[in-house]
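Each remark here refers to the structure printed beneath this line.
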Amino acid sequence: MKIAESVARAAGKHLMNRPASFTFTEKSSAVDFATQMDQQAEDLIVKQLLATRPDDGIIAEEGSAKESKSGITWVIDPLDGTVNYLYGLPGWNVSVAAKDKDGAVVGVVYAPSIDGFWTGVRGGGATYNGIKIKCNDPVELQKALLATGFAYDLNLRISQGETMAKLLPKIRDLRRNGAAAVDLCYVAMGVLDGYFESSLKEWDHAAGGLIATEAGAVVSGRGGGAPNTDLVVCAGPALHAQLLPLI
């Protein structure tokens, strides 16, 4: 946890020095891209991690990869919410998790633009800026404040729009904040009642998912199984059961 906190804070400090101009690397589509700051943050994190734990593995969004010799692998999103960062919107963050063969052991999400620092330790609970947190539960569907995100696949957005149309009349309201890790942490601390999104990658939900789980939320994929890229659903137990059939 000390290592995760150190590298997340270092990357967050670097990212707060937002450049006057950006260079772009297109990924899966024209709306899916990375900037030079994504890569710089990842390089900083990986260098510091391997200097301290050279036998650990690496899985990171911008391509850093290393097989683990120690049994521990770091799962890194150096800049979650790149579009928010580009436009100067808040909520972008640094997400760092460490996992073993049984899943995430520790997770840290640092969002310096909103002064948010979340931690989760497997079996040890979750915190926000050093204070223990718990998710909202039970929550009735009609009173639920939810958040979601939309896929980079433009064809998939059509079906997501159809899901929104069915869901909106049944809930309190919906938010689209733009950063998956923070949305998971918002559920963990009760700022949101639930969150769901498809097409996430492991680095999007590894740290935030552990934090939410340790705060009492259920984090699953479609049908209630393990989180996957098809769909991630996060909410307190009562609301989670109500959401699954609808999305």
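The values are calculated or read from the model by the stated rules, or taken from the named source; none is laboratory data. Just so you know, these numbers come straight off a predicted model, no measurement behind them. Glycine gets a Cβ as well: all are built from the backbone with ideal geometry, and neighbour counts include every protein chain shown.
List of remarks:
- Figure legend. Inter-residue proximity from segment 107-126: first residues in contact (Cβ under 8 Å) with a residue 40 or more places away in the chain, second residues aliphatic (A, V, I, L, M) and part of a strand (DSSP E or B), beta-carbon distance below 6 Å, spacing 6+ or different chains. Indicated pairs: 107/97; 108/96; 110/94; 118/109; 119/108; 120/126; 121/106; 122/105.
- Options 87, 110; residue that is among the aromatic types (Phe, Trp, Tyr), buried (at least 17 other Cβ atoms within 10 Å of the Cβ) and either over 20 Å from residue 202 (Cα atoms) or touching a Gly at 6+ places or on another chain (Cβ under 7 Å) (or both): 110
- Filter result for residue 126 (part of a strand (DSSP E or B) and either touching a helix residue (DSSP H, G or I) at 6+ places or on another chain (Cβ under 6 Å) or in the same structural domain as residue 179 (by TED's automatic domain parsing) (or both)): yes
- Matching residues, segment 13-36, being modelled with pLDDT of 95 or more and touching a strand residue (DSSP E or B) at 6+ places or on another chain (Cβ under 8 Å): 15
- From the list 55, 43, the lone residue that is over 25 Å from residue 186 (Cα atoms), outside the structural domain of residue 182 (by TED's automatic domain parsing), in contact with a Lys or Arg (Cβ under 7 Å, 6 or more places away or on another chain) and of a type outside the set (Phe, Trp, Tyr) is 55.
- Test: residue in segment 137-145 that is within 23 Å of residue 246 (Cβ to Cβ), exposed (fewer than 13 other Cβ atoms within 10 Å of the Cβ) and of a type in the set (A, V, I, L, M): no
- Of the residues making up segment 175-191, those that are in contact with a Phe, Trp or Tyr (Cβ under 8 Å, 6 or more places away or on another chain) and surrounded by fewer than 24 Cβ atoms within 10 Å (Cβ to Cβ) are 176, 177, 178, 189.
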